[in-house]
Structure formats: structure tokens, C-alpha cells
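All remarks here apply to the structure that follows.
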Number of protein chains: 2
Amino acid sequence: MGIEVANELPGMHLKAIGIVRNGIKQPVKQNWEKVVSHIVINSSLTEALDGLEEFSHIIVLCWMHRAVANGEKPIKVHPMGKQELPVVGRLVTRSPSRPNPVGIATVRLLQRRGNILKVQGLDAIDGTPVIDIKPYIPGYDSVTDAKVPSWINNL
Amino acid sequence: MGIEVANELPGMHLKAIGIVRNGIKQPVKQNWEKVVSHIVINSSLTEALDGLEEFSHIIVLCWMHRAVANGEKPIKVHPMGKQELPVVGRLVTRSPSRPNPVGIATVRLLQRRGNILKVQGLDAIDGTPVIDIKPYIPGYDSVTDAKVPSWINNL
């Protein structure tokens with residue numbers, strides 16, 4: 001199990017299937033839980049969303065494009081840049097700055113109209129490419145007995 | 001908001017950061033909840049995992065490589081191929097067969113030893129490329145009042 005994995009496998013490239021629209025142009029700190037966004041899905045995929053409106057929540061996968069090409073990043077960081085929190089590995093945070101800048105967010109689906117999804121709580125700026133939409137299924141996605149380190153409470 | 005999104009944005013390609021090892025060579029139906037897998041992360045990222053062992057659960061993002069290049073797929077499907085379930089859009093399922101075959105699974109982290117994560121409940125076959133690891137944070141990832149359509153109970 002010690003062998004290295006080839007970093008570049010054939011065909012591992014993503015297509016944007018949609019885009020985030022919310023008028024927020026800069027990734028400043030804010031109460032993302034309240035932010036309402038529209039996700040505009042490519043119209044060729046409209047029918048692929050049929051039935052999504054029966055779910056109260058969806059998982060949105062985004063390509064966090066602002067985190068790309070910012071040069072080399074330290075491998076360990078203070079979560080959210082907060083110096084009072086312990087240093088942890090980069091993959092132990094939800095920072096967009098990671099080997100593959102794919103973000104996942106569980107959000108409330110307020111409305112679906114054709115290829116447009118109105119959601120609340122998506123922490124992504126205007127123009128962020130969307131690469132996937134999944135229904136949130138509690139039996140699969142939810143954990144009732146999850147344990148986290150105490151610094152999570154100070155995020 | 002009606003404009004089409006450019007499908008191919010520059011730089012949207014993924015690097016494998018690790019690989020799934022569990023000896024399961026074919027994607028047959030089984031009780032994935034019980035399956036124990038090892039995720040071997042590239043050793044250059046070992047320190048990026050420091051602190052992950054304080055979390056009981058992690059979210060694993062995989063590139064579902066077997067779903068790639070299987071030709072054109074219908075845009076609406078019976079979930080899990082079960083004919084007795086209603087037809088829904090492809091994005092309303094968790095099928096690997098989707099525009100971008102990125103799977104997300106919330107799994108129990110049994111052990112971390114250096115660059116090797118021992119997990120339970122990962123529904124991915126041996127050799128699946130891993131593209132990201134995230135800590136499971138209940139306040140961000142969990143929904144207490146999620147509603148789903150009734151067919152979910154028959155999956």
C-alpha cells in the first residue's frame with residue numbers, strides 16, 4: 001500500500017454544469033447561512049433536475065476558482081486563518097486552498113424553476129462554476145454521533 | 001441569468017491525491033456500510049492530514065473512474081435501476097453516471113497512520129482515485145430537518 005499514486009490520470013477533467021449567481025463579487029467574510037443564491041444550470045441539463053424539488057436540501061459541488069493558481073501554499077495552517085486555533089493539516093480544514101479546489105456545501109433548496117435553483121446558505125461567490133448537484137439523503141449523508149475536536153467550536 | 005455556461009473552463013482538471021484499497025474489484029451490490037477500506041494518500045501530503053484523527057468522520061471525494069466513457073446516458077432514470085421507483089433526473093440520484101463522476105461519501109475514520117486512513121462505509125471499489133478529504137463538521141454538513149421524497153425509503 002506504500003506505492004505512490006500517479007498524479008495525473010487520464011480524463012480527470014471537469015465540465016462546469018452551471019454557475020452561481022448572488023451578486024457577491026468578493027470572498028469577504030459574511031453570514032453565508034443567510035445568503036440566497038441562484039444556481040443557473042446549463043439548459044441542456046434541465047430535465048436532469050426533474051424531481052429535485054422534492055428534496056428540502058441539496059449538496060452543491062463547486063470549483064473554487066479563486067483558490068487556483070495562487071502559488072505554493074503551506075501544508076499546515078491555522079483554520080480560517082485564526083492564529084488562536086491550533087495548526088492542522090490543510091486537508092483538515094475546509095479551506096478552498098487544497099490540492100483540488102472542489103468545495104461541497106449542503107444548502108436549503110428554496111425553489112426550482114426549470115434550470116434555475118434558488119438556494120440558501122451556499123458559501124460561494126458570484127460566478128463560481130458548479131460541477132455537480134446531489135440530493136441530500138440523511139441516511140447516507142448525515143451522522144448522528146460525529147465527534148470533532150474542540151477548536152471546531154471556535155471557528 | 002439565462003446565459004449558457006462555458007463548459008470547458010481553463011484549469012478544471014483534477015489530481016489524484018490518493019487511492020482506495022479494499023480488495024473489492026467489481027462494483028457489485030453489497031453492504032457498503034460494513035466495508036473497511038484503506039485510503040492511501042500520496043506521502044507528499046502526509047502532514048496535510050495532521051489533526052484529522054481528531055474527527056470521527058470524514059468526507060471522501062472520489063473520481064468514479066468506472067463511470068467514465070460509458071457513452072451517452074439517459075437524462076432521466078429509475079434510482080438504483082429499480083423499475084418500481086419513479087423516474088427522476090439523473091442529477092436527482094447518487095449514481096456515478098453524471099456529468100462529472102465525482103462521488104462524495106461520509107465515512108467513519110477508524111484510524112489514521114501517517115498517510116493511510118482506515119475508514120468504514122466507503123462505497124468505492126479498489127483502485128478508485130481519491131481527489132479530496134474533508135473533515136465532517138456537523139454544524140456545516142448536517143441537516144436536522146431535511147425532507148426527502150418517499151421513494152428514498154425504498155432505495
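The values are calculated or read from the model by the stated rules, or taken from the named source; none is laboratory data. Note that the structure is a prediction, hence the values are computed from the model and not measured. Note: ideal-geometry Cβ built from the backbone for every residue, glycine included; neighbour counts use all protein chains shown. The accessibility values were calculated without ligands, DNA or RNA, using every heavy atom of the protein model including side chains. Shrake-Rupley method; radii C 1.70, N 1.55, O 1.52, S 1.80 Å.
When the residues of region B:95-120 are narrowed to those that are of a type in the set (S, T, N, Q) and farther than 21 Å from B:His38 by Cβ, which ends up nearest to the chain's Cα centre (by Cα)?
First, the residues of region B:95-120 that are of a type in the set (S, T, N, Q): B:95, B:97, B:100, B:106, B:111, B:115, B:120.
Narrowing the set further to residues that are farther than 21 Å from B:His38 by Cβ leaves B:95, B:97, B:100.
Details: B:Ser95: 10, B:Ser97: 12, B:Asn100: 12 Å.
Only one residue tops the list, namely B:Ser95.
Of the numbered conditions (1) open to solvent by 70 Å² or more (accessible area, probe 1.4 Å); (2) outside any loop (DSSP other than H, G, I, E, B); (3) of a type outside the set (Phe, Trp, Tyr), A:Leu61 satisfies every one except a single condition; which is it?
(1)
Looking at B:Val92, is it within 22 Å of A:Ile133 (Cα to Cα) and under 13 Å from the mean Cα position of the chain (by Cα)?
No; evaluated as a whole, the condition is false for this residue.
Provide a single number: the residues in region A:95-115 that are outside any loop (DSSP other than H, G, I, E, B) and open to solvent by less than 40 Å² (accessible area, probe 1.4 Å).
7
Any idea which of (1) touching a residue at least 24 places away in the same chain (Cβ under 8 Å); (2) under 27 Å from B:Arg108 (Cα atoms); (3) surrounded by 15 or more Cβ atoms within 10 Å (Cβ to Cβ) is the one B:Leu85 doesn't satisfy?
All conditions pass for B:Leu85, except number (2).
Quick check on region B:66-74. Is at least one of its residues touching a Ser or Thr at 6+ places or on another chain (Cβ under 7 Å), within 23 Å of A:Ser150 (Cα to Cα) and more than 9 Å from every other protein chain (Cβ to nearest Cβ)?
no
Of everything in region A:32-41, what is within 7 Å of chain B (Cβ to nearest Cβ) and either open to solvent by 10 Å² or more (accessible area, probe 1.4 Å) or charged (D, E, K, R) (or both)? Give them in sequence order.
A:His38
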